[in-house]
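A short write-up of the structure that comes next.
No lab work stands behind these numbers, since they all come straight from the coordinates. Because the structure is predicted, anything quoted here is derived from the model rather than measured. All Cβ positions, even for glycine, are placed from backbone atoms using ideal geometry, and neighbour counts span all protein chains on display.
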Amino acid sequence: MLSLEEFISKRKKDDQLDIYDLLKKDYNMQTCVNYVFEYFNTYINLSEQQKEFLETNEKLQKYQKQIMDYSTETQEWLLRMYKLTGKTLNRVISKELKHYDTFLLLNDESHFRKISYQIYSNLYKRYDFLKDYIEELLVFIKDQHAIWSYNYNIDLELIDFHINEKIDNYLISTARKFHVNLIAWADAYSDAFYSYENMWPANCVSHDQYIDYYDVTKAHNNKFNIDHIYTQVSLAPYIKGKKKLLEVLVMYYWQKQICTVDADYYEKYMQESCKNI
């Protein structure tokens, strides 16, 4: 139930009441008084069923604001599930999707359907109602792919990204033609790899006063375990023969956001690596 202050604030917003309009000072004062009477005479005297209905609607409105980026179809499904189960499935499913390091690297029906089945098998014991919503789960996964990929629109100036003209143009054209945002993938994967301590080769681990960290300068090959990633997506036409590009993109974000390496090392690496991409 709303407090008096929350109720008045909501009513002012609903009525678009501008309390700072001095020409309507008397009207605004009377309207606010009416809100107080309405609160005590009507709102708090509602039946428990009516109160529950209002509270549910308020929660649904708040939740809808959180899922505005999804398609109308997915929004309706998420709202329906929230109303029936109280579960915010967008958070639940998104958390599962983050475990798939190649999720953003592919965009085809078989890829999405395979992941949807895997996620369903991971979740059905906790959320058995998903058995009736396999297709809705698939549509959600496609929506999430687009959202995390910035709807396949790359604005290099907006995201402050630049390697060289050739690579920049290739990334833009790949996003437009294949609906795969390699920049978004590299950003996400570099962040994820920082937490993959079990994947760090022992000879690539360095220590400072507080933590162990992955020292990319000690990795003479297969930096960031890119070999494993590439074998899973190497048949994609925009990735075939471009394993080094994947590594370079991750290195770019590793240096920019994760764990800065020596500037001379980074510059030399980028110059040499980008020659044959």
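Under the rule of -39500 (n - 2.57) per DSSP H run of 4 or more residues, summed and divided by the residues of the chain, what mean residue ellipticity at 222 nm is obtained, to the nearest 500 deg cm²/dmol?
Values: 13 runs with 162 residues, N = 277.
-18500 deg cm²/dmol, from helical runs alone.
Which shape class, rounded, prolate or oblate, goes with the stretch 1-158 when its Cα gyration tensor gives a ≥ b ≥ c as root eigenvalues, a/c under 1.5 marks rounded, and past that a/b bigger than b/c marks prolate? Working shown, then result.
On the way: a/c = 4.43, a/b = 1.94, b/c = 2.28.
Since a/c reaches 1.5 but b/c is at least a/b, the shape of the stretch 1-158 is classed as oblate.
Taking K and R as +1 and D and E as -1, what net charge do the other residues with C-beta under 12 Å from the C-beta of N221 add up to? Show your work: numbers first, answer last.
Numbers: positive: K218, K223, K243, K244; negative: D227, E247.
Overall, the nearby charge balance is +2.
Can you give the net charge of the other residues whose Cβ lies under 14 Å from the Cβ of L17, counting K and R as +1 and D and E as -1? Working shown, then result.
Values: positive: K10, R11, K12, K13, K24, K25; negative: D14, D15, D18, D21, D26, E38.
Local charge sum for L17: 0.
Counting only residues 5 or more places away or on other chains, whose amide H sits under 5 Å from the amide H of N107 once H atoms are built in the peptide plane?
For N107, whose amide H was placed from the backbone, there are no distant partners under 5 Å.
For the pair K65/I147, report the inter-label distance in nm, with labels modelled 7 Å from Cα in the Cβ direction.
1.6 nm
Taking 0.36 nm per residue of separation and subtracting the Cα-Cα distance, what length does fully extending K275 through M199 add? List each step's numbers first, then the result.
Working: separation 76, 0.36 × 76 = 27.36 nm, distance 2.83 nm.
Working it through step by step, the gained length comes to 24.5 nm.
Going through the cross-link list K65/K98; K177/K256; K98/K275, which pairs have a Cα-Cα distance over 25 Å in this structure? All intermediate terms of the calculation are to be shown ahead of the outcome.
On the way: K65/K98 22 Å; K177/K256 27 Å; K98/K275 32 Å.
Among K65/K98; K177/K256; K98/K275, the Cα-Cα distance tops 25 Å for K177/K256; K98/K275.
Place a +1 charge on the Cβ of each Lys and Arg in the stretch 152-206 and a -1 charge on the Cβ of each Asp and Glu, then give the dipole magnitude about the Cα centre in debye, rounded to the nearest 20. Intermediate values should be presented prior to the final figure.
On the way: 3 positive and 8 negative charges, 62 e Å.
For this selection, approximately 300 debye.
Under 4 °C and 1.567 mPa s, how fast does the chain diffuse according to Stokes-Einstein, given a Kirkwood radius computed over C-alpha pairs? Answer in µm²/s, whole number.
Diffusion coefficient, whole number: 57 µm²/s.
Within the stretch 215-277, list the trypsin sites (Lys or Arg not before Pro) lying in a DSSP loop whose Cβ has at most 11 other Cβ atoms in a 10 Å radius. Numbers along the way, then the final one.
Values: sites: K218, K223, K240, K242, K243, K244, K256, K268, K275; in loops: K240, K242, K275.
Answer in residue order: K240, K275.
Given charges of +1 on the Cβ of Lys and Arg and -1 on the Cβ of Asp and Glu, with all other atoms neutral, how large is the dipole of the chain about its Cα centre, in debye to the nearest 20?
Working: 34 positive and 41 negative charges, 141 e Å.
Rounded to the nearest 20 debye, it is 680 debye.
Tell me the chymotrypsin sites (Phe, Trp or Tyr not before Pro) within the stretch 65-154 that lie in a loop according to DSSP and have at most 12 other beta-carbon atoms within 10 Å. Before the final figure, lay out each step's value.
Values: sites: Y70, W77, Y82, Y100, F103, F112, Y117, Y120, Y124, Y127, F129, Y133, F140, W148, Y150, Y152; in loops: Y70, Y100, Y124, Y127, Y133.
Taking the stretch 65-154 and a limit of 12 other Cβ atoms within 10 Å, the loop chymotrypsin sites (Phe, Trp or Tyr not before Pro) found are Y124.
Relative contact order of the chain: what whole-number percent is it, with Cα pairs under 8 angstrom and at least 6 residues apart?
Values: 196 pairs, mean separation 35.6, N = 277.
This gives 13 percent for the chain.
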